[in-house]
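Novice: There's a structure below that I have some questions on.
No lab work stands behind these numbers, since they all come straight from the coordinates. No experiment lies behind these values; they were computed from the predicted model shown. Using ideal geometry, Cβ is built from the backbone for each residue, glycine included, and neighbour counts are taken over all protein chains shown.
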Amino acid sequence: MPDANLPLSSVREVKALDRTGGQPFASLLVVRKLTAKTASNGNPFFSVDLGDRTGSFGCTVFSDNPAFELLRNAGEGAVVRVEGKVDYYQGRLSPKLGQLAVLSESELGAPGLLDNLVELAPENADTLWTEFNGFIDGITHPALRATTRAVFEEIGETFRWTPAAISMHHAYRHGLLEHTVHMARACRALLPLYPEVDANLAMAGILLHDTGKTIEYEGTLATKRSRRGILQGHVVLGYQLVRKAGKKAKLGEELLERLEHIVLSHQGEPEWGAAVYAATPEAVFVSMIDNLDAKMGMVQRALRQAADGEEFSERLPGLSSPLLTRPPQPD
């Protein structure tokens, strides 16, 4: 039976509990990812990612745990009440789950519940959107500006709430908008250092580089890849959007080819999803800014989610290291 005496804790609060004592906790969480696996002895188990607006953690649920069937039936995106005990594996929070219950549709309507579960970009989305449109207006080449506008007219409001990733960076609502605005700010600041880079082409490339993610990702409480996302990926989907818009805006073949190349190469390396290596000044410039903001986005999120008194974050896969979360102290 659920322990009614256990107060509900956020993920951030769970991470602040004593690591060594098997501390009990209860939380309301979203099933963000549910992956079926098979152990070496042939027994099935789930690798589960659970989270709320303050963070997330992974855990393992074996088939002999009553929670196994509940999770199988609920699926990704379900909201669950979890009871467990704090445990760590290889330096990462990986609790041992006990009681688990799936919330009903009526329970999901409780005031403020979803607000506590959905992680948002820390900056105001409306303010970001106004700034974003200012960057489009700042493109002085008419056909490049029209091409950029046409893409966002096609994808509509989806761009405003889509995350920039499932887990790696800016992986929360409005994350794609935040990531793109941050890149545009960096572009504007760095362009004077690199006169070889065409300013209009670079800015258009930045604003458009990840637009394919509005098609690649789907889901409300849990983000997953769509059918087209799996079969084509956001790089190809973004290329298709840009090519269609460029033709509509009668953008010249030379500029359209260069703009398409920015989208196709912005991931940097083929193993990261790039279709080709960056081979123009603008493509190299955009790819490097994308990599910078992706990694700094991981840093910013880890700092926001750091528990009080925590010196290092958990290992961040995108950085291949934990992050020192305490600020430098003055001498």
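Novice: Sort the stretch 125-304 into rounded, prolate or oblate with this rule: let a ≥ b ≥ c be the square roots of the eigenvalues of the Cα gyration tensor; rounded if a/c is under 1.5, and if a/c is not under 1.5, prolate when a/b is larger than b/c, oblate otherwise.
Specialist: rounded
Novice: Let me check against my output: what whole-number percent is the relative contact order of the stretch 125-304, with C-alpha pairs under 8 Å and at least 6 apart? Intermediate results must be reported in sequence, preceding the final value.
Specialist: Working: 269 pairs, mean separation 40.9, N = 180.
Reported as a whole number, the value is 23 percent.
Novice: What size of dipole, in debye to the nearest 20, comes out for the chain about its Cα centre when the only charges are +1 on Lys and Arg C-beta atoms and -1 on Asp and Glu C-beta atoms? Write out the running numbers ahead of the final one.
Specialist: Details: 34 positive and 41 negative charges, 106 e Å.
Dipole of the chain, to the nearest 20 debye: 500 debye.
Novice: Where the convex hull is taken over the Cα atoms of the stretch 11-116, what is its projected area averaged over directions, in nm²?
Specialist: Numbers: hull surface 27.3 nm².
Here the figure is 6.8 nm², rounded to one decimal.
Novice: Across the stretch 318-327, in residue order, what do the Karplus-derived ³J(HN,Hα) couplings come to in whole Hz, using 6.51 cos²θ - 1.76 cosθ + 1.60 with θ = phi - 60° and x for Gly and Pro?
Specialist: Result, ordered by residue: x, 10, 6, 6, x, 10, 5, 9, 7, x Hz.
Novice: For the stretch 52-195, rounded, prolate or oblate, judged on the Cα gyration tensor with a ≥ b ≥ c (square roots of eigenvalues), a/c < 1.5 rounded, else prolate if a/b > b/c? Walk me through the numbers on the way to the answer.
Specialist: Numbers: a/c = 3.18, a/b = 2.23, b/c = 1.43.
Prolate is the answer for the stretch 52-195, as a/c is 1.5 or above and a/b outweighs b/c.
Novice: Which whole-Hz couplings ³J(HN,Hα) result when phi for each residue of the stretch 268-276 is put into the Karplus expression 6.51 cos²θ - 1.76 cosθ + 1.60, θ = phi - 60°, listed in order with x for Gly and Pro?
Specialist: x, 10, x, 5, 9, x, 5, 7, 8
Novice: Now a separate question. Can you tell me how the stretch 1-52 classifies by the Cα gyration tensor, rounded, prolate or oblate, using a/c under 1.5 as the rounded cut?
Specialist: prolate
Novice: Please state the Cα pair-distance histogram of the chain with 10 angstrom bins from zero: what percent is in each bin?
Specialist: Final binned percentages: 5, 24, 30, 22, 14, 5, 1.
Novice: Cα extents of the stretch 238-308 along the three principal axes, largest first, in whole Å?
Specialist: Taking the Cα atoms of the stretch 238-308, the three principal extents are 55, 23, 19 Å.
Novice: Run the helix sum for the chain: -39,500 (n - 2.57) per DSSP H stretch of 4+ residues, divided by residue count, reported at 222 nm to the nearest 500 deg cm²/dmol.
Specialist: On the way: 14 runs with 142 residues, N = 331.
Value at 222 nm, helices only: -12500 deg cm²/dmol.
Novice: Would you please give the residues with an amide H less than 5 Å from that of SER56, counting only those at least 5 places away or on a separate chain, with H modeled from the backbone geometry?
Specialist: Those lying under 5 Å, H to H, from SER56: there are none.
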